[in-house]
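Before any comments, here is the structure.
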Amino acid sequence: TLKALKREAERDAERVVRTRAAGSSGDAITAVVNPPSGPRRVAQPARPAVYLAEVADDLDETREDVRRVLEQHEVLLLPDTPLPREALALRTRVEAELPRTTLSVHLIGSLYGKVPPGDMRSIPHAQYDYAGLQARRLPEGCTRIVWLPRALDVAMLRSAAHRMWVESIKL
């Protein structure tokens, strides 16, 4: 997936840009990002962006490992600062950042996570839901990748909300 994101970003950097000339009869002017004559200016491809969702405490180290690998592949990671801990501010922030990405990664473990004031879902659960809404809302969407440990026993999860959420994902 990372290789495909990088190839897509490189193709975008080389695409032809079409704009309308102001005050013209509507004819399109074509501007090539790398013009064939004169000194060749190589456009830097945009870094692919991935939304790496915040996790419950049990997966902090795993998330950090994933973050390091993605950064080694020169992926722009969002969120780039800690998320707000209040429901409305959290939603606003996540919904603003998801459209900048083509992939969201959600690591779900044995703990449900903190539930922000004003919501009934944990922060990881809310991010997962917002990414799903984003994927349905936009035609180009955002692909969601969900990671669950193989050994995760749904029946042993302490929170009923967490059990229901994990069961809905496994379907």
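The values are calculated or read from the model by the stated rules, or taken from the named source; none is laboratory data. Owing to the predicted nature of the structure, the values given are computational and were not obtained by experimental measurement. Note that we place each Cβ from the backbone using ideal geometry, even for glycine, and neighbour counts take in every protein chain shown. These accessible areas exclude ligands, DNA and RNA; they are computed on the full protein's heavy atoms, side chains included. Shrake-Rupley method; radii C 1.70, N 1.55, O 1.52, S 1.80 Å.
Heavy-atom accessible area for TRP147, with the other protein chains in place and a 1.4 Å probe, reaches approximately 100 Å². Given H placed 1.01 Å from N in the peptide plane, which residues other than close sequence neighbours of TRP147 have an amide H under 5 Å from its amide H? When sequence neighbours closer than 5 places are left aside, the close amide H contacts are HIS106, LEU107, ILE108. In a DSSP loop and with at most 10 other Cβ atoms within 10 Å, the trypsin sites (Lys or Arg not before Pro) in the range 122-167 are ARG150, ARG158.
Which shape class applies to the range 42-163: rounded if a/c is under 1.5, otherwise prolate when a/b exceeds b/c and oblate if not, where a ≥ b ≥ c are the square roots of the Cα gyration tensor eigenvalues?
Since a/c reaches 1.5 and a/b is larger than b/c, the shape of the range 42-163 is classed as prolate.
Under the classification rounded if a/c is under 1.5, otherwise prolate if a/b is larger than b/c and oblate if not, where does the range 119-158 fall, given a ≥ b ≥ c as square roots of the Cα gyration tensor eigenvalues? It comes out oblate by the Cα gyration axes. Note that the range 108-115 has calculated 3J(HN,Hα) couplings of 10, x, 7, 9, 7, x, 6, 9 Hz, one per residue in order, obtained from phi through the Karplus relation 6.51 cos²θ - 1.76 cosθ + 1.60 (θ = phi - 60°); glycine and proline are x.
Accessible surface ranking for THR102, THR92, 1.4 angstrom probe, highest first: THR92, THR102.
How much of the accessible area of the range 65-127, probe 1.4 Å, is carbon plus sulfur, in whole percent?
60 percent
Tally Lys/Arg at +1 and Asp/Glu at -1 over every other residue whose Cβ is under 10 Å from the Cβ of ARG91; what's the total? Working shown, then result.
On the way: positive: ARG93; negative: GLU86, GLU95, ASP119, ASP129.
Overall, the nearby charge balance is -3.
Ordered from highest to lowest accessible area with the whole protein assembly present and a 1.4 Å probe, GLU140, GLU86 read as GLU140, GLU86.
Near the amide H of LEU103, within less than 5 Å, lie the amide hydrogens of TYR51, THR143, all on another chain or at least 5 residues away, with H placed in the peptide plane. Evaluating 6.51 cos²θ - 1.76 cosθ + 1.60 at θ = phi - 60° for every residue in the range 64-75, the Karplus couplings come out as 5, 4, 5, 4, 4, 5, 5, 5, 5, 8, 6, 8 Hz, glycine and proline recorded as x. A 1.4 Å probe, protein heavy atoms only, puts the accessible area of TYR112 near 30 Å². Accessible area of HIS162 (1.4 Å probe, protein heavy atoms only, ligands and nucleic acids ignored): about 0 Å².
Once C-alpha pairs closer than 8 Å and six or more residues apart are averaged by separation and normalised to the residue number of the range 58-168, the relative contact order reads 26 percent.
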